[in-house]
Amino acid sequence: MYEIDFLRAGDGNADAICFRYGDDQRGYWLHVVDGGFKDTADLMIAHIGEHYGKNYKISNMVLSHADNDHATGLIGVLNHFDVNGAIYMNRPWHFARQILPAYPGYTEGRLVREIKDKHEYLVQIEEIAAKKNIEVRDVFQGTNIGPFTVLAPFRDRYIRTIPDFGKTPEPKHRLQTAAKTIFGEAVEAVAKWISEDWDIETLSDDPDPPTSASNESSVVQLGQVEGKTLLLTGDVGPIGLNEAADYAQALGLLAPPNFVQVPHHGSRKNVTPEVLNRWLGGIAQKGTKRGTAYCSVGKLKTDYPRGQVQNAFERRGYPVHATRDGTKTHFHGRELRPGWLVSTPEPWASKIEA
């Protein structure tokens, strides 16, 4: 049996995921991925207590990447629950020595301090873990966490991109990236609506501007449980998804999953037709269902998931279910929880932003 719950983490977009698997004979394990914003902690604590047990212990906790909308809620969850296994999260200051050449005039100590100052919530998680004697581990390609294999990020790529994170000190080569982002936002502001149908896909194979370097550092996990495969993506973009596909292919695991998380709340910067074809297969016949896609969307984020992204997943046989109207559960080997309704996927978007 397994059940994966995507919590609606407030009015804005944020990720908070609980994955429980096991059976009455062997016992059950709980894999927590991201915790949303600070206020999401109470929601996650209540959800675990109601559906798994008030004295439940988390088996493993994973932070996909260091952005606030994934990390800050884990502080309250970690204060409340014990973790039997480990906390998996990447701490950019651990690699200050390797990135020091990008910061002329800095000492390693100064760089560590400045990176920590901008990631105080990660430092808090580390401090709570130390008090509770919970190990905190790096999480890179090849790491195994329960039934999950980490497909990305590759360690060397992660280190190379740290100077481009929004919460690391400004390196000299950041200026060009910043200018490109400003231009991209201006283009978005004057976007027009156009039509899409099943045979006409307008999703770009070269998003401009691209998603952030921090998003591309997201942990991509492929789970194998009860003969089913589940792909968790965080906020990863095309670079990380292609890297994950390369590694999955080398392991003989690259195949359309039964369940997939839509990256970054359905942003157009994070998926391309090419990378979706690699992971989900090409465009299918209308009405074909290969699997299920879930997307973390805030209550007030009516423009997410983006229509082009939603349609792209559906074309490939993955109807998209958004958390805008509440927590969503996907499960195998158990009945629907009493009082819960079967989730309805998002409708086809015939009008999308150009």
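Test each condition in (1) open to solvent by 10 Å² or more (accessible area, probe 1.4 Å); (2) over 17 Å from M44 (Cβ atoms); (3) out of contact with any Pro (no Cβ under 9 Å at 6 or more places or on another chain); (4) of a type outside the set (D, E) for I75 and report the one that comes out false.
Going through (1) open to solvent by 10 Å² or more (accessible area, probe 1.4 Å); (2) over 17 Å from M44 (Cβ atoms); (3) out of contact with any Pro (no Cβ under 9 Å at 6 or more places or on another chain); (4) of a type outside the set (D, E) one by one, I75 breaks only (2).
For L253, state whether it is of a type in the set (A, V, I, L, M, F, W, C), more than 19 Å from the chain's Cα centre (by Cα) and either open to solvent by 10 Å² or more (accessible area, probe 1.4 Å) or within 21 Å of Q224 (Cα to Cα) (or both).
Numbers: of a type in the set (A, V, I, L, M, F, W, C): yes; more than 19 Å from the chain's Cα centre (by Cα): yes; either open to solvent by 10 Å² or more (accessible area, probe 1.4 Å) or within 21 Å of Q224 (Cα to Cα) (or both): yes.
For L253, the condition - of a type in the set (A, V, I, L, M, F, W, C), more than 19 Å from the chain's Cα centre (by Cα) and either open to solvent by 10 Å² or more (accessible area, probe 1.4 Å) or within 21 Å of Q224 (Cα to Cα) (or both) - is met.
One line per residue, one yes/no per condition, for (1) open to solvent by less than 40 Å² (accessible area, probe 1.4 Å); (2) small (G, A, S); (3) within 20 Å of F148 (Cβ to Cβ); (4) without any contact (Cβ under 8 Å) to a residue 40 or more places away in the chain:
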{"residue": "K301", "(1), (2), (3), (4)": "no, no, no, no"}
{"residue": "Y304", "(1), (2), (3), (4)": "no, no, no, no"}
{"residue": "A312", "(1), (2), (3), (4)": "yes, yes, no, no"}
{"residue": "W340", "(1), (2), (3), (4)": "no, no, no, yes"}
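If only one of H70, H65 is open to solvent by less than 20 Å² (accessible area, probe 1.4 Å), touching a Ser or Thr at 6+ places or on another chain (Cβ under 8 Å) and outside any helix (DSSP H, G or I), which one is it? Full working, then the answer.
Details: H70 fails: outside any helix (DSSP H, G or I).
After ruling out the rest, the residue left standing is H65.
Residues V271, V236, V297: which one is closer than 20 Å to T40 by Cβ, open to solvent by less than 60 Å² (accessible area, probe 1.4 Å) and either part of a loop (DSSP other than H, G, I, E, B) or modelled with pLDDT under 95 (or both)?
Working: V271 fails: closer than 20 Å to T40 by Cβ; V236 fails: closer than 20 Å to T40 by Cβ.
Matching residue, one of V271, V236, V297: V297.
Within the range 225-238, identify whether any single residue is without any contact (Cβ under 8 Å) to a residue 12 or more places away in the chain, small (G, A, S) and out of contact with any Asp or Glu (no Cβ under 7 Å at 6 or more places or on another chain), and answer yes or no.
Going through the range 225-238, the residues without any contact (Cβ under 8 Å) to a residue 12 or more places away in the chain turn out to be 227.
Next, only the ones that are small (G, A, S) stay: 227.
From what is left, the residues that are out of contact with any Asp or Glu (no Cβ under 7 Å at 6 or more places or on another chain) are 227.
The answer is yes, given that some residue of the range 225-238 is without any contact (Cβ under 8 Å) to a residue 12 or more places away in the chain, small (G, A, S) and out of contact with any Asp or Glu (no Cβ under 7 Å at 6 or more places or on another chain).
Which strands (runs of 3 or more DSSP E) does the range 1-60 wholly contain that include 1 or more residues that are of a type in the set (G, A, S) and closer than 26 Å to K299 by Cα? Lay out the reasoning, then the answer.
Numbers: elements: 2-6, 16-23, 27-35.
The qualifying strands (runs of 3 or more DSSP E) are 16-23, 27-35.
Counting only residues that are touching a Pro at 6+ places or on another chain (Cβ under 8 Å) and without any contact (Cβ under 8 Å) to a residue 40 or more places away in the chain, which one in the range 240-292 is nearest to L203 (Cα to Cα)?
Filtering the range 240-292 for residues that are touching a Pro at 6+ places or on another chain (Cβ under 8 Å) and without any contact (Cβ under 8 Å) to a residue 40 or more places away in the chain, the one nearest to L203 (Cα to Cα) comes out as V275.
The values are calculated or read from the model by the stated rules, or taken from the named source; none is laboratory data. What you see is a predicted model; the values in this text were computed from it and never measured. Reconstructed Cβ throughout: ideal geometry from the backbone, glycine too, with neighbour counts over all protein chains shown. The area values use the complete protein model at the heavy-atom level, side chains included, leaving out ligands, DNA and RNA. Shrake-Rupley method; radii C 1.70, N 1.55, O 1.52, S 1.80 Å.
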